[in-house]
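The structure appears right after this line, and notes come after that.
The values are calculated or read from the model by the stated rules, or taken from the named source; none is laboratory data. A quick note: this is a predicted structure, and the numbers were derived from the prediction, not measured. Quick reminder, even Gly has a Cβ in these numbers, built from the backbone with ideal geometry, and neighbours come from all protein chains shown. Areas reflect the complete protein model, heavy atoms only, side chains present, ligands, DNA and RNA absent. Shrake-Rupley method; radii C 1.70, N 1.55, O 1.52, S 1.80 Å.
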Amino acid sequence: MSFLLVDNNLSDLNNLSNIIHKVVPGMEIIAKQSAESVLTLPSLDFDAAFIEIELDPGYMSGLELAAKLKSIRKDVHIIFVTNSTDYYPEAFAVHADSYLLKKVTERDIKREINYISNNYPAPIKTKGKIYVQTFGGFNIFLDGNIIEFKRTKAKELLALLVDRRGAGVTARESCAALFGDRPYDDIVNGYYHVLVHSLVHTLMDAGIRNILIRRKSFLAIKPDTFECDAYNFLKGDPSAHRQYRGDYMICYDWAQYNALGN
């Protein structure tokens, strides 16, 4: 998750940055004092931007900068931060998510981040990290980009491993989940190894082979190598509890018998 902070008042900029770091430690934050310095950045792909409206009238206002960011990434969250209430119509004309008056408080930031977390159209990007979605289906993302699988059953095998949360799963156990009542014979076992091969190569192509443990007698994943909505739910994370609608891995029949199943 990455945030852009833009304010020509250094004291206000530092205050906002410190509050965000306190509310969400480890957040990737880029702080700038002018629109011009923002536009020289190598990338303008942010999850959210906190912008002072009265930024730099001689070059580019906060409203103009927000419109520029929206033109690059339509789903970026815009939160204006200013001393004046004069710009409400203009702010929401550029589809801002919120309008905060200074001096911003920790409570303000918690509210805005909760809103962003619950209204994002896809799992929030975590720069350089892996995100696994299990609510409403199953998908795996790298830097916010979905990883595609050549075989749907290879993807389901990974889902099964995620469901087991690091416990080893044998070939027979995997086939029982993937193929239901079909007898475990040489044909099924052979197809299972084709799926394992496909899964490994998909993860290798994405550069995340390290999430998988492959042994002669079992497969497992390393739960500490990625973020997962279901894992957050089981840890008691309030945001994950709000996201859950009884739809844990609804695309797989075997998931109904597990911890989050219906």
Quiz prompt | Elements of type strands (runs of 3 or more DSSP E) contained in segment 135-234, each with 1 or more residues being open to solvent by 60 Å² or more (accessible area, probe 1.4 Å) | solution = 212-214
Quiz item: Among the residues of segment 238-249, which ones are under 19 Å from I116 (Cβ atoms) and open to solvent by less than 60 Å² (accessible area, probe 1.4 Å)?
Solution: S239, A240, Y244
Self-check item: Enumeration of residues in segment 73-92 that are modelled with pLDDT under 85 and open to solvent by 40 Å² or more (accessible area, probe 1.4 Å)
Solution: K74, D75, F92
Quiz item: Among the residues of segment 157-168, which ones are in contact with a helix residue (DSSP H, G or I) (Cβ under 6 Å, 6 or more places away or on another chain) and charged (D, E, K, R)?
Solution: R165
Quiz item: Based on what the data block shows, is S98 over 23 Å from P25 (Cα atoms), open to solvent by less than 80 Å² (accessible area, probe 1.4 Å), of a type in the set (S, T, Y) and modelled with pLDDT under 90?
Solution: no
Practice problem: Take segment 1-20 and flag every residue that is open to solvent by 40 Å² or more (accessible area, probe 1.4 Å) and in contact with a strand residue (DSSP E or B) (Cβ under 7 Å, 6 or more places away or on another chain). | Solution: N8
Quiz prompt | Members of segment 41-70 found to be without any contact (Cβ under 8 Å) to a residue 24 or more places away in the chain, within 26 Å of the chain's Cα centre (by Cα) and open to solvent by 50 Å² or more (accessible area, probe 1.4 Å), listed by number | solution = P42, S43
